[in-house]
Amino acid sequence: MFVISKKLAFFIALATLVSISGCQNLPDSQAKPIITFIDTNKFDTDLSASLVAIKNPIEVNFYTPITPNEIPPRLEKWLSIVSNSGGKVNISQPVGEPTPKSPTLVLGLFSGLWNAFKIFSADSSAKTMEDAIKSRDANIQLARNAQGNLYIQKITFIEKVSK
């Protein structure tokens, strides 16, 4: 019969627990229905995780107002992927304002910029981003501040409508 001392048993148990906890996969990002845009790789990771894990709309808000003509390249990239993967990018005008005849003309700007950016840089996360967003459309909600200037209030990524 094999007898183990209390100290040896404790050491074996502790070593086993440490080994098991080392195998645990901790998530890089927690899926959230509302993400505030910060121009970092963490934003891409958070948005990807949320798009994959949550089927409901994912809303992107901003700390500072950005105009439709000053969309950061990181956000242009996401909108371009929506468009290039068969999704629609809709622009919602501020409440009470008429809708322009072709708001999609604005989108040609960031689609072209993203395509040029992709040619000159090898972005390994592009495939992951495309997989995360391929079943989504985007809605850019515009608003006006007190001075009457147009800004992007939020961007919502919603499930594509089945035809």
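Things worth noting here:
- Pairs with Cβ under 7 Å, 6+ apart, first in the stretch 45-58 and under 8 Å from residue 132 (Cβ atoms), second in a helix (DSSP H, G or I): 47/78; 48/128; 48/129; 48/132; 51/132; 51/133; 52/132
Every residue, every condition in (1) farther than 19 Å from residue 151 by Cβ; (2) modelled with pLDDT under 90; (3) exposed (fewer than 12 other Cβ atoms within 10 Å of the Cβ), yes or no:
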| position | (1), (2), (3) |
| --- | --- |
| 56 | yes, no, yes |
| 61 | no, no, no |
| 90 | no, no, no |
| 102 | yes, yes, yes |
| 111 | yes, yes, no |
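Each row is one residue, and each column tells you yes or no for (1) in a loop (DSSP other than H, G, I, E, B); (2) surrounded by 10 or more Cβ atoms within 10 Å (Cβ to Cβ); (3) modelled with pLDDT of 90 or more.
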residue	(1), (2), (3)
10	no, yes, no
16	no, yes, no
32	yes, yes, yes
46	no, yes, yes
52	no, yes, yes
76	no, yes, yes
98	yes, no, no
106	no, yes, no
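- Taking the listed residues 84, 69, the one that is touching a helix residue (DSSP H, G or I) at 6+ places or on another chain (Cβ under 9 Å), of a type outside the set (Ser, Thr, Tyr), farther than 15 Å from residue 154 by Cα and modelled with pLDDT under 95 is 84, with no other qualifying.
The values are calculated or read from the model by the stated rules, or taken from the named source; none is laboratory data. Only a predicted model underlies this, so the values are computations on that prediction, with no experimental measurement involved. Cβ atoms come from the backbone with ideal geometry, glycine included; neighbour counts cover every protein chain shown.
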